[in-house]
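We did not get these values from a lab; they are worked out from the coordinates using the rules stated. On a predicted model such as this, the values are computed, not experimentally measured, just so you know. In this analysis, Cβ positions are derived from the backbone assuming ideal geometry, glycine residues included, and neighbour counts consider all displayed protein chains.
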Amino acid sequence: MSADNQEKSHEKMDIDSNNPAQDEEVAVEEEEEDDQDVEKIKILPGASEDGTAASFQIIEEDHTLGNALKSMIMKNPEVEFCGYSIPHPSEPKLHLRIQTYGNITAVEALHKGLDDLASLCTVVEEKFSQSVASNNYKTVIS
Amino acid sequence: MQSDNSGPIVKIRDVQPDCVNFVLSECDLALANSVRRSIMAEVPTLAIDIVEIEENSTVLADEFISHRLGLIPLQSDDVDSLLYNRDCSCGDYCELCSVVLTLHAKCTSEGIQTVYARDLLVEPNHSNLKIGQPILNDDANKGSVICKIKKHQELKVKCIAKKGISKEHAKWSPVAAVGFEYDPWNKLKHTDYWYEEDADKEWPKSDYCAYEEPPNPDEKFDYTAKPNNFYFDVETVGTINPNEVILRGIRELRNKVAGVIYSLDEIVARNANEGNAENIGGAGFGTVYGGATQYGGTAYGGTAYGGGTQYGGTAYGTQYGGTAYGNNSAGNDDYNPTTGWD
């Protein structure tokens, strides 16, 4: 790409960003988000005062996330109890209850569980890729 | 490098053009099952979703043919370059969110003519991508049978293939089956075998028995034992190569987690900003997770949990902390799995 072309593309970008029509588009998008007004996760009533016990509702998740997340949170030695349920089979809602021994809040425990699960996924993915790359398996090439 | 007896281990046993057989070890049943569920129901593929029928004088009804077309596996290696139709700004469908295939078959001779998946023609908008071509894996390279037509019968259709996941409809599944097995000797008694006289004699042994020690009849039942080796046998329908299906399945699972983390951070930050008295956890809540930059790169798994101090000196917090989230450098040596959870 020549310098001239780059200059032009910059110019074009500037024009675009000053375009009132585009700003309007962004505003519309924001409005749509407000209209939906659905949180992926919320804290349900019934949390303890100090926050060491709480229930969460996660929407559009099922056993795929729920069971793995529950078991991951249970591994945390600070967590006294963790359980999940799907209250109704035709509602895409996952309820998760966390109670800790009091040194961390339920939100912290949840966050840690999520982080650990994400990291574990990354590790399994890497291990799988390594195993594929190692070529140490039987293959049939058609 | 890693020692072999800590952290999850993946051992691939066999790879074929449409199959992969591997063992996942040193992890929970819950995680293994989530990986299985994710592979089966969350990996996006391409499938025919709308069929515009111009002419159908075959013996099969329009909706019958539409259903058959929907089930035809289409090449989905590059499906990530396609948007979901619901997220696309187009009104109906466009080349950003769909692939168009056409089919025109007419029988002019005596006898019966068969219409195969190979007769579907992909419109050339995505010709440089591996996307939309019908999978022809049979010996004759004809693909699935769509219908059979007699003299003067005609089938002319336009098919719009869209990206989707098999949680919505099984036609989007990348796999025909996922074999999932653990504890082949049934030491954990998760299975109760029906028998007439002797279960051991009447039931065939699992192929995976060779990989595990047979049970010692003198030993007491270990009620604390947990399954450790998970034998996967993933058989694809040919739309995505099997190794890629596994990787995408794991990524989809991780994306789910990331989605919840994102939303959780949002509500935590909002609560902190509002100075809400009913804040769970009270003051200083907002700073615990290190603010908005956390997923911007390096902060993930770093200081957000105060490193090793959080759980009393053990490396619990940093166990998988070496890998920055979403940044999988192959064969990184930072990952330190030497401290188990137990």
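State the extension gain, in nm to one decimal, for the chain segment bounded by B:Ala61 and B:Glu274, taking 0.36 nm per residue of separation less the distance between their alpha-carbons. It would help to have the intermediate numbers written out before the result.
Numbers: separation 213, 0.36 × 213 = 76.68 nm, distance 6.02 nm.
Computed gain between B:Ala61 and B:Glu274 is 70.7 nm.
Any lysines with Cα under 24 Å of the B:Lys156 Cα? List them, leaving off those in the same chain fewer than 8 positions away.
Correct list for B:Lys156: B:Lys106, B:Lys142, B:Lys148, B:Lys171.
Residues of segment B:6-46 with amide nitrogen under 18 Å from the 7 Å Cα-to-Cβ point of B:Lys226?
Within reach of a label on B:Lys226: B:6-10, B:24-36.
Cross-link partners among lysines for A:Lys112, C-alpha distance below 19 Å, same-chain residues fewer than 8 apart left out?
Filter leaves A:Lys40, A:Lys42, A:Lys70, A:Lys75, B:Lys256.
I need the phi-derived Karplus couplings for segment B:185-191: 6.51 cos²θ - 1.76 cosθ + 1.60, θ = phi - 60°, integer Hz, Gly and Pro marked x.
In residue order, the calculated couplings are 8, 6, 5, 7, 6, 6, 10 Hz.
Obtain the nm distance between the two label points defined at A:Gln57 and B:Lys156 by a simple spin-label model: each point lies 7 Å from its Cα along the Cα-to-C-beta direction.
Reported label-point gap for A:Gln57 and B:Lys156 is 5.3 nm.
Name the long-range amide H neighbours of B:Phe180: under 5 Å, sequence gap of 5 or more, or other chain; modelled H, no Pro or chain starts.
B:Asp233
Under 21 Å from the Cα of B:Lys205, which lysines turn up, not counting those fewer than eight places away in the same chain?
Reachable lysines: B:Lys187, B:Lys189, B:Lys226.
Once you place label points 7 Å from the Cα toward the Cβ at B:Asp78 and B:His104, how far apart are they in nm?
For the pair B:Asp78/B:His104, the computed spacing is 2.6 nm.
Modelled label-to-label distance, A:Leu44 and B:Asp200, 7 Å Cα→beta-carbon offset: nm?
For the pair A:Leu44/B:Asp200, the computed spacing is 4.7 nm.
At most 15 other Cβ atoms within 10 Å and a DSSP loop assignment: could you name the GluC sites (Glu not before Pro) in segment B:136-216 that fit?
Values: sites: B:Glu154, B:Glu168, B:Glu181, B:Glu196, B:Glu197, B:Glu202, B:Glu212; in loops: B:Glu168, B:Glu196, B:Glu197, B:Glu212.
Filter output for segment B:136-216: B:Glu168, B:Glu196, B:Glu197.
Using a 10 Å cut-off on Cβ to Cβ distances, tally the other chain neighbours for every residue of A:62-73 and report the average as a whole number. Don't jump to the answer; show the numbers that get you there.
Values: counts 5, 4, 14, 8, 2, 7, 14, 6, 1, 7, 6, 0.
Averaged over the peptide's residues, the number is 6.
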